[in-house]
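Okay, so here's the structure we're looking at.
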Amino acid sequence: GGWTIDDTVELSKALLAAGVDLIDCSSAGNNAHQKIPLSPGYQVQFAERVKQDVPGMLSGAVGLISDASLASKVVEDGSADALFIGREFLRNPSFVLSTAHGLGINIKWNNQYERGRLKTKYSFV
């Protein structure tokens, strides 16, 4: 046995009724004996299921979301409302900046980093 996605859906309904508005949808992986097949976005399906089955509950996706195209796809196709990208931020603290660049999105860099920004046709200067 153990906890299932159906259990998560029921818990999410109860939490929504209690005022919670966002669920972090992760299968945990807290036990070394678990055999979880890993691939980019492998846990997005859990966020998508909560979002689908619990109207009004926002869902956050996790699971090897480590590049711009996957992050963008998950949010744009409505699979999740938010992304929790912990390990990639440990590896790359500038993940937001490099993701924006990879997607061709111009964002304001903090003043201390501005001179190091990759220049694109969308640059401020």
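Exposed loop sites here mean chymotrypsin sites (Phe, Trp or Tyr not before Pro) with a DSSP loop assignment and at most 12 other beta-carbon atoms within 10 Å; the chain contains its longest site-free run at 4-112. Straight-line reach from K13: which aspartates and glutamates fall under 18 Å, measuring Cα to Cα and dropping same-chain residues less than 8 apart? Filter leaves D21, D24, E48, D53, D81.
With the Cα gyration tensor of the stretch 16-125 in hand, give its eigenvalues times 5 under a square root as the equivalent ellipsoid semi-axes, listed largest first in whole angstrom.
So the equivalent ellipsoid measures 30, 18, 12 Å along its semi-axes.
The angle between the Cα long axis of helix 44-53 and the longest principal axis of the Cα atoms of the chain comes to about 60 degrees, rounded to the nearest 10. To the nearest ten degrees, helix 5-17 and the longest principal axis of the Cα atoms of the chain are 80 degrees apart.
Rolling a 1.4 angstrom probe over the chain with all protein chains present gives an accessible area of which 57% lies on carbon and sulfur atoms. Computed over protein heavy atoms with a 1.4 Å probe, the accessible surface of the stretch 13-95 works out to 61 Å² per residue.
Let's see if you can work this out: charge +1 on each Lys and Arg Cβ, -1 on each Asp and Glu Cβ, no other charges. What is the dipole magnitude of the chain about its Cα centre, in debye to the nearest 20?
760 debye
Note on the stretch 57-103: Kirkwood radius taken over Cα pairs, Stokes-Einstein applied at 10 °C and 1.306 mPa s, translational D equal to 146 µm² s⁻¹.
Using just its DSSP H runs of length 4 or more, each adding -39500 (n - 2.57), the chain gives a mean residue ellipticity at 222 nm of -10500 deg cm²/dmol after division by all residues.
The values are calculated or read from the model by the stated rules, or taken from the named source; none is laboratory data. Treat the numbers as computed from the prediction; the structure is a model and nothing was measured. Cβ coordinates were reconstructed from backbone atoms using ideal geometry, including for glycine residues, and neighbour counts include every protein chain displayed. Surface accessibility is based on the protein's heavy atoms, side chains included, excluding ligands, DNA and RNA. Shrake-Rupley method; radii C 1.70, N 1.55, O 1.52, S 1.80 Å.
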